[in-house]
Amino acid sequence: LLSGEDLERLIDMARAHFDYVVIDLPSTLVHWTETVLQAAHVYFAVIELDMRSAQNALRFKRALQSEDLPFNKLRFALNRAPKFTDLSAKSRVKRMAESLGISIDLQLPDGGKQVLQGADHGIPLAGSAAKNPLRKEILKLAQSIHDLGQNEAQAA
């Protein structure tokens, strides 16, 4: 339904009206993924700690590198990351990153039932579970992205 040019116009219009534009892409590569990747300041690739996700991350990495797309914009985010006390899972995360040749820059903890319940009721996580570890991590990420945007605006 969308061509790359259509999406470029849509992104330009969104940038003209908003300070930050977040695009939630499908988990599969589509013909306009390249357009989004070229326009993005940062591209979060969400992975999980399982074999299928590792294989898909490796395929994605190789596809970007073979097409000379900006792989340096990619930041890998581990969804449902282990708790800091789970040392065996932490070592699995480290081994996975090393074997894929990537850096896992963001580890999002499992939000548990609170996330599902809030979503079922249509309530933002800040309203349904303000102290949830996932919400806290998302808040830290948003703050760091905002700070980076402010620094870039001051430099320009």
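The values are calculated or read from the model by the stated rules, or taken from the named source; none is laboratory data. Every value quoted in this text rests on a predicted model; they were computed, and no experiment measured them. A quick note on method: Cβ atoms are made from the backbone with ideal geometry, for glycine too, and the neighbour counts reach across all protein chains shown. What goes into the accessible areas is simple: the full protein's heavy atoms, side chains included, and nothing from ligands, DNA or RNA. Shrake-Rupley method; radii C 1.70, N 1.55, O 1.52, S 1.80 Å.
Every residue, every condition in (1) aromatic (F, W, Y); (2) assigned to a helix (DSSP H, G or I); (3) open to solvent by 70 Å² or more (accessible area, probe 1.4 Å); (4) touching a residue at least 12 places away in the same chain (Cβ under 8 Å), yes or no:
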site	(1), (2), (3), (4)
E8	no, yes, yes, yes
D12	no, yes, yes, no
A16	no, yes, yes, no
V22	no, no, yes, no
T28	no, no, yes, no
V36	no, yes, no, yes
Quiz item: Which ones in region 46-59 are open to solvent by less than 30 Å² (accessible area, probe 1.4 Å) and assigned to a helix (DSSP H, G or I)?
Solution: S53, A54, A57
Practice problem: Give region 96-119 a look and list any residue that's acidic (D, E) and either closer than 15 Å to F71 by Cα or in contact with a helix residue (DSSP H, G or I) (Cβ under 6 Å, 6 or more places away or on another chain) (or both), or say none. | Solution: D105
Self-check item: region 62-90, residues that are open to solvent by 30 Å² or more (accessible area, probe 1.4 Å) and part of a helix (DSSP H, G or I)
Solution: R62, A63, Q65, S66, F71, N72, K73, L87, S88, K90
Exercise. Collect the residues in region 91-104 that are assigned to a helix (DSSP H, G or I), touching a strand residue (DSSP E or B) at 6+ places or on another chain (Cβ under 9 Å) and exposed (fewer than 15 other Cβ atoms within 10 Å of the Cβ), keeping them in residue-number order.
Key: K94
Practice problem: Could you look through region 118-139, keep only residues that are open to solvent by 70 Å² or more (accessible area, probe 1.4 Å) and of a type in the set (D, E, K, R), and pick out the one that is farthest from S53 (Cα to Cα)? | Solution: K131
Quiz item: Could you say whether any residue in region 109-117 is in a loop (DSSP other than H, G, I, E, B), in contact with a Leu (Cβ under 6 Å, 6 or more places away or on another chain) and open to solvent by less than 40 Å² (accessible area, probe 1.4 Å)?
Solution: yes
